[in-house]
Amino acid sequence: MPVLSSLSVLSPLSVLSVCVVCALRGPGAIEAPPPLAVLPLTVAVARVDGAPVVDRVWIDDRVEQANAILAPTGVQVALAEVRAMPEGPAALEDRKDRDALGAHLRPRRVNIFVVASLRDVDEPERLRQGVHWRPRRARQRHLVIVAAYSGRDTLAHELGHFLGNPRHSHTPGNLMSYGRGPGLPTLDAAQVRTIRATARRMLRSRELVVAPPVSP
């Protein structure tokens, strides 16, 4: 399985955009909590006709956007590895295709799979931009899938699910909402607390390991 590029040591310098802000953006702003940690990402990219479905510029842009959106939580992400996706379909059509990715997870990292297309398993006439997925025979494992045509905020949205926010918001402009607002997507105070608590739990259990905390 070829490795496209990798970083053997994670540090805050490997985070593409780290901005710890003083307040949550939008109405009801509160002071942001202190920096917590940098979580390592491993990104596996599908190939079509021998070429990756996205390039490194695309990946770097999505990580940078995710860090900007997640800044009020004190949790940031950094690329630990970009690799070719294991053998299998580049277009995911059903639950079986999604489940198969569970056999290819890197331990103690947030596993991201970038695919050519992602079919909605409940409404097959629709394509999805991304999903947070737990393989049915290994529910303790979970991963993020994003499609090559997905928007800049999709990775951040799915990381929101990965970090403990399973429900969608009805507030336009919220990261966990399908309704867009002006500027960067926002997080409410409860979502921030959940992300921080989930990150701490994952660190304590060693599900994830981290680079040194981000400095303000």
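A short reminder: the numbers here are calculations on the coordinates, not readings from a lab. Owing to the predicted nature of the structure, the values given are computational and were not obtained by experimental measurement. Neighbour counts run over all protein chains shown; Cβ positions are idealised from the backbone, glycine included.
Shape descriptor for the range 3-204: Rg over Rh equals 0.95 (Cα atoms; Rh from the Kirkwood inverse mean 1/r). Beta bridges from DSSP with both residues in the range 3-204: antiparallel share about 35 percent, rounded to the nearest 5.
Given a Förster distance of 22 Å, report the FRET efficiency between Arg201 and Arg180 from their Cβ-Cβ distance, rounded to the nearest 0.05. For R0 = 22 Å, the calculated efficiency reads 0.15.
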